[in-house]
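Remarks on the structure that follows.
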Amino acid sequence: MKPSTAGALGGALVAIAVVGVLALNLTGTKPSDQQIDSPPIQVLVAGQDVPANTKLTADMLTRRTIPQRYVNGAMLKPEDAARVVGREVMTPLKAGSTIEWQHFVALGGHPDVARCVQSIALRVDAAVAAERARAVDAFLDRAGRDVKPAAARGLPVVVPDANGNVTIVTAAVDVPVGTVLKDEMLTTASWPATFVTASKVPAADRAALVGRKVTAELQMGDPLQWQFVDDAVAPRSAVSCLLEADGVVPEAIVQSAAREAAAFFAPEVKK
């Protein structure tokens with residue numbers, strides 16, 4: 001199912017208005033393999049305890065290197081130091097704690113929060129739409145621009161046995177989206193032919209599923225369906241295209257929200 005960018009952002013922006021958070025880690029998801037394998041990142045941290053309502057000075061700040069999987073869009077990087085020196089923190093900071101954008105926004109509302117929220121909403125929506133479009137174009141380029149619903153292929157005819165049942169392939173375990181199927185993840189079950197459509201995978205085709213990728217979450221006992229499996233190496237189905245496009249959304253929200261919030265609340269540079 002396509003996640004609603006507006007819905008995801010809307011929830012985040014409500015949180016912004018309530019608690020003054022302008023650059024949040026909106027994904028709340030498990031880190032990707034790419035993040036886990038990426039080099040650590042330097043972030044800005046408090047070099048000492050800082051009471052609330054204190055104006056930050058450069059000597060109150062220091063750097064800390066942390067694994068990328070623990071970095072979110074709210075955390076300031078060393079290059080952001082100039083933007084916050086001279087500004088008051090609205091919450092107390094403990095030595096070693098990360099410096100985050102929400103520390104500089106008064107609880108209950110900065111005078112420009114409403115305008116900032118509106119500005120960020122529009123720009124984040126645009127950034128997410130652009131990232132999704134790029135992901136779709138990349139997928140279509142790899143697939144040769146020949147992407148069709150799986151149902152557009154000819155599906156095998158389901159033939160019931162003498163008892164009016166059909167043996168189909170079902171999930172032997174829970175299978176997350178994107179999993180490449182192994183034979184031990186599969187089993188078979190006998191279903192009344194009345195409940196078996198051509199989209200269900202007959203037991204005779206079980207081997208054809210091994211090595212293919214599932215494009216919908218399966219729970220143990222769920223039937224395998226042709227429209228929810230695709231080639232693991234060169235996916236071509238419309239569902240795979242949608243999944244790839246939606247996969248860029250969480251990171252696009254984080255990056256664009258952090259970027260726009262930083263730009264909005266950055267002190268003006270005197271020329």
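Observations
- Table column - 3J(HN,Hα) (Hz), segment 125-137, Karplus curve with 6.51, -1.76, 1.60, x for Gly and Pro: 4, 5, 5, 5, 4, 5, 5, 5, 4, 5, 5, 5, 4
- HN-Hα J in Hz across segment 70-82 - Karplus 6.51, -1.76, 1.60, θ = phi - 60°, x for Gly and Pro: 9, 8, 10, x, 7, 7, 7, 9, x, 5, 8, 4, 4
- For segment 236-244, Karplus couplings with θ = phi - 60° (6.51, -1.76, 1.60), whole Hz, Gly/Pro x: 9, 7, 5, 5, 4, 4, 5, 4, 5
- 18 Å Cα-Cα reach of Lys55 towards aspartates and glutamates, excluding residues that sit fewer than 8 places from it in its own chain: Asp80, Glu88, Glu100, Glu268
- Exposure proxy for Leu224, Leu122: other Cβ atoms within 10 Å of each Cβ, ordered fewest to most, give Leu122, Leu224.
Taken together, the values in this text are just the output of simple stated rules run on the coordinates, not laboratory data. If you're wondering where the values come from, they're calculated on a predicted model, not measured in any experiment. For neighbour counting, all protein chains shown are included, and Cβ atoms are generated from backbone atoms with ideal geometry for every residue, glycine included.
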